[in-house]
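Take a look at the structure set out below.
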Amino acid sequence: MSTVTETPKVKKRTAQSLFLKQSKVYPKSVHGRFRRIKWAALAAMLALYYILPWIRWDRGPGAPDQAVLLDIEHRRFYLFFIELWPQQIYYLTGALILAALALFLATSLAGRVWCGYACPQTVWTDLFVWVEHLVEGERGERIRLDQGKWTARKLGRKLAKNAIWLGIALATGGAWIFYFTDAPTLLGQLARFEASSTAVGFIALFTGTTWLLAGFAREQVCTYMCPWPRFQSAMIDEDSLIVTYQEWRGEGRAPLRKSQGWEEREAAGLGDCIDCFNCVQVCPAGIDIRDGLQMQCIGCGLCVDACDEIMTKIGRPTGLVTFDTQTRQSALTAGDTPPAHRLLRPRVIVYALGMLVVGGAIVVGLALKPGLDISVLRDRAPLYVALADGSVRNAYTFKIANMTRDPRDYALTVEGLAGATLAVAGEGQEERAVSRRLSAAPDLVATYRIFVTAPRTALQAPSQPLTLTLTSANGETASYRTVFMGPTN
């Protein structure tokens with residue numbers, strides 16, 4: 001008897017993507033308190049960004065008169081009355097620390113309020129969405145337009161929208177470059193097609209990135225490119241104000257029928273949420289706040305406006321979606337009286353004190369900022385030179401940074417080595433003295449080659465500490481500690 005062996009069937013595997021396909025978000029327009037705040041913040045941020053490079057500030061003859069200027073070519077940073085040199089980069093470090101502490105403080109108080117109202121990505125995305133609404137219509141019309149076939153009408157609207165987007169992006173990229181060079185001069189060069197290829201290239205770069213990020217990437221930047229959503233859980237606590245859906249009041253969800261009264265809904269165990277999805281449709285991130293706090297939520301509060309609008313229409317109290325703390329919501333869920341919002345908390349105090357210390361240090365540093373700085377580089381080849389009279393000479397490159405608008409004369413002295421004298425290259429190396437007079441032009445770095453000579457009997461070791469001190473006519477001093485090399489006695 002023969003046996004038939006059946007070959008097992010192999011299931012065909014289907015390829016599965018490891019990444020979630022992006023679903024385009026179509027934010028619906030909304031009116032309300034938080035939407036008005038966002039419009040005000042948008043207008044203020046854009047006005048500040050576009051106008052700031054055109055503000056003038058008189059710094060005297062020969063100095064740029066642009067109030068805010070990052071002059072890369074001449075290595076200067078101007079901020080109204082503040083002028084910083086490259087060696088004063090620590091002020092920028094302090095400013096960045098201060099900004100970080102301010103962001104931490106704002107987040108601990110009100111969640112991602114920075115992301116929702118002041119972040120450049122949010123500001124320009126809001127502006128681009130507003131243009132999209134004007135050209136292509138409300139949310140439903142935009143969805144139908146994208147899903148429909150390509151027609152002359154669709155093509156015309158898409159071209160018009162992108163043309164306006166590119167115009168805004170071009171203004172954005174141009175304004176950014178104005179911060180790095182004199183704005184009126186560059187604008188004139190651009191109008192005459194005389195701008196450098198570097199300026200044109202950077203304007204094109206920032207134009208393209210603005211158009212791409214604000215027009216197409218939008219919420220994807222906040223979700224995937226920005227690291228801040230990953231940090232927010234560490235920055236907030238149970239007393240931080242965040243966008244909250246009051247589940248104790250809204251559940252269970254069900255559409256509201258015309259023949260249904262609220263007593264009937266309450267008897268059926270239904271809450272105030274009528275499942276209209278208005279809060280989801282206005283969300284720029286496309287999330288459902290009723291699912292709880294999520295990483296994508298930027299805390300803009302537009303869902304609050306949307307829900308309040310619906311609650312007003314159906315005759316229910318507003319605030320089903322609101323800004324509140326976890327502590328208060330836990331008390332309301334348990335049926336207890338919610339406690340008052342606790343503003344002063346350990347982390348808030350720590351961040352505020354940190355800002356006070358860093359800000360105070362910056363203010364004091366700027367108030368006492370010197371107008372003089374020196375740097376010294378000792379020659380390494382040769383380490384020293386033995387002269388015919390038995391003395392030993394070391395050579396140094398000496399730089400004077402005159403951070404004032406006036407020419408200055410200085411007196412250079414040497415300390416720490418008995419019998420040491422100074423000479424300056426170009427003035428005769430044999431003309432030694434215990435003090436030398438040097439000068440520096442305004443707002444420039446003067447470079448000298450100096451020689452320090454000491455008797456061999458004064459050398460107690462192959463390397464001895466040496467201090468070079470420069471004193472200006474008005475009494476301002478700057479010192480630099482270096483070493484003097486010599487033979488072993």
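FYI, it's all coordinate maths here, none of it is from the lab. Since the structure is predicted, the reported quantities are computational estimates derived from the model, not experimental observations. No Cβ is skipped: glycine too gets one built from the backbone with ideal geometry, and neighbour counts run over all protein chains shown.
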Sum of side-chain charges, L109 neighbourhood, beta-carbon under 12 Å (Lys, Arg +1; Asp, Glu -1): +2
Inter-site label distance for S196 and A234 at 7 Å from Cα along Cβ, in nm: 4.0
MRE, 222 nm, helices only [DSSP H, n ≥ 4, -39500 (n - 2.57), over the chain, to nearest 500]: -12000 deg cm²/dmol
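Lys and Arg at +1, Asp and Glu at -1: add these up for the other residues within a Cβ distance under 12 Å of A41 and post the number.
Neighbour charge sum, excluding A41 itself: +2.
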Spacing of the two label points (7 Å from each Cα toward its C-beta) at R75 and A352, in nm: 4.2
Degrees, to the nearest 10: 346-367 long Cα axis against longest axis of the chain: 30
Along the chain, longest interval not containing exposed GluC sites (Glu not before Pro), exposed being DSSP loop plus at most 13 other Cβ atoms within 10 Å: 239-426
Difference of contour (0.36 nm per residue) and Cα-Cα distance, D146 to Q294: 50.5 nm
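Quick check: residue separation of L52 and W248 times 0.36 nm, minus the Cα distance between them. What number comes out in nm?
So the extension gain works out to 65.7 nm.
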On Cα atoms only, tilt of 197-212 relative to the major axis of the chain in degrees: 20
Pairs of alpha carbons in the chain whose separation is greater than 41 Å (percent): 48
Size of charge dipole - the stretch 102-153 - debye, nearest 20, with Cβ of Lys, Arg +1 and Asp, Glu -1, no other charges: 120
Cβ-defined net charge surrounding D58, 12 Å radius [Lys, Arg +1; Asp, Glu -1]: +2
Angle in degrees between helix 90-110 and the longest Cα principal axis of the chain, rounded to the nearest 10: 20
Derived scalar couplings ³J(HN,Hα) [the stretch 308-323; Karplus, 6.51 cos²θ - 1.76 cosθ + 1.60; whole Hz; x for Gly, Pro]: 4, 4, 5, 4, 5, 5, 9, x, 10, x, 6, x, 4, 10, 8, 8
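Under unit Cβ charges (Lys, Arg +1; Asp, Glu -1), what dipole magnitude, rounded to 20 debye, does the chain have relative to its Cα centre?
For the chain, the charge dipole is close to 1460 debye.
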Within the stretch 50-154: Cβ-based charge dipole about Cα centre, in debye rounded to nearest 20 (Lys, Arg +1; Asp, Glu -1): 340
Percentage relative contact order, the stretch 335-428, counting C-alpha pairs under 8 Å, at least six apart: 20
Charge-dipole axis of the chain as Lys and Arg at +1 and Asp and Glu at -1 on Cβ define it, positive-most pick from L412, F178, V385: F178
